[in-house]
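Take a look at the structure below.
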Amino acid sequence: MSFKTYKIKRLRKFLITGMLLAILFSPRIKDYAMSSPVSNSQPILFSHYSSLFNHLEQAGFKFEDIRELFQDPRVEYYNDIAFSMYQPPTMDNYSSIYFHTDNEAYEIDEFINRYGEQLKEAEHRYNVDLEAIVAVLFVETKIGKIVGKYSVFNVLSSLAVADSPESLARIENHVNEQYHYLNYDERQNLIHNYQERAIRKAFWARTEFGSLMQLHFDSHIDINELPGSYAGAFGYPQFMPSNVTRYGIDGDNDGKIDLYNYTDAIMSVGNFLSKKGWTEDTDRQHRALLRYNNSRAYVANVLETANSIREDLGLTGQIDPSL
């Protein structure tokens, strides 16, 4: 045997051994990068979500169901979701099957006239002033006129893997490129802060995405078409998915919770505020609204709007918006 032939055989043996070791010791996440007949780009796409897939399986979802949802051509991974100033891309268009912004849009007085019966029922059932419910819906989405323009599915699924090694490395590269004028210690501190934020956000987003999946199976909502905020809140009251599963109400008894349905939205807001401690006491109202949105400016805005509605309705008493 010639020396050249010997070297070729040694090299071939080395390569085969390396391939076998890679297969044996590669992490389970490689399972999610298997080829798919739907799209040649899917193995790459699936590899981004490996930790999310593991989390969802541990939460009790079937891998076949998860894979089917992520095979949808509307699924997109947002590489830069972990950056503090990143703005997700807007949805190109959205259907009116589950949300109806093209069909109904109300001013406050029109809305109260149209849904007065439902508002009074919610007030009676949850002991939450109807004007407060209307005020929340107005401040959140102008009573359905502005429901958000970002894909809830893509925002939450991308954010759910913001703590992956790939994402954390991208943060480091981003800081070093964008803040190259800072000294080394300042850049390292910024990298640490960004990465810590990404880790916290990913933990939170995995829980929210699990709730979104549960809504898909419980209410048969096409979660790949849901528009919402850049943070993943959606519907007329802008609930996060976990709040829909905890506090959402099927107000019209059609068998599903649809927050693009005004009756469901009214009852869900009333239930949320009630569960968060809303009473006639002003301090309790403030605290309940802070659980809705942890912003004192937001609370003041909602309560000032509620007072304006009370005046228009000729009701007595005022809610103190000051904190």
Problem - Filtered residues of the range 203-238 (kept if among the hydrophobic types (A, V, I, L, M, F, W, C) and without any contact (Cβ under 8 Å) to a residue 60 or more places away in the chain) - result: 203, 204, 205, 215
Fill in the blank from the handout: residue 241 meets each of (1) closer than 27 Å to residue 59 by Cβ; (2) of a type outside the set (A, V, I, L, M); (3) surrounded by fewer than 19 Cβ atoms within 10 Å (Cβ to Cβ) with one exception, condition (3)
Exercise for the section: Assess whether residue 193 counts as being part of a helix (DSSP H, G or I), polar (S, T, N, Q), surrounded by fewer than 22 Cβ atoms within 10 Å (Cβ to Cβ) and in contact (Cβ under 8 Å) with a residue 60 or more places away in the chain. Expected result: no
Practice task
State yes or no: is residue 161 surrounded by 23 or more Cβ atoms within 10 Å (Cβ to Cβ), modelled with pLDDT of 95 or more and not assigned by TED's automatic domain parsing to the domain that holds residue 260?
Solution key: yes
Practice task
Under 7 Å between Cβ atoms, at least 6 apart or on separate chains: pull out the pairs that start in the range 48-77 with a residue that is touching a residue at least 60 places away in the same chain (Cβ under 8 Å) and end on any residue that is of a type in the set (Val, Ile, Thr) and assigned to a loop (DSSP other than H, G, I, E, B).
Solution key: 48/161; 49/161; 51/161; 52/161
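The values are calculated or read from the model by the stated rules, or taken from the named source; none is laboratory data. Keep in mind the model is a prediction, meaning the values are calculated, not measured. So basically every Cβ, Gly included, is an ideal-geometry build from the backbone, and we count neighbours across all protein chains shown.
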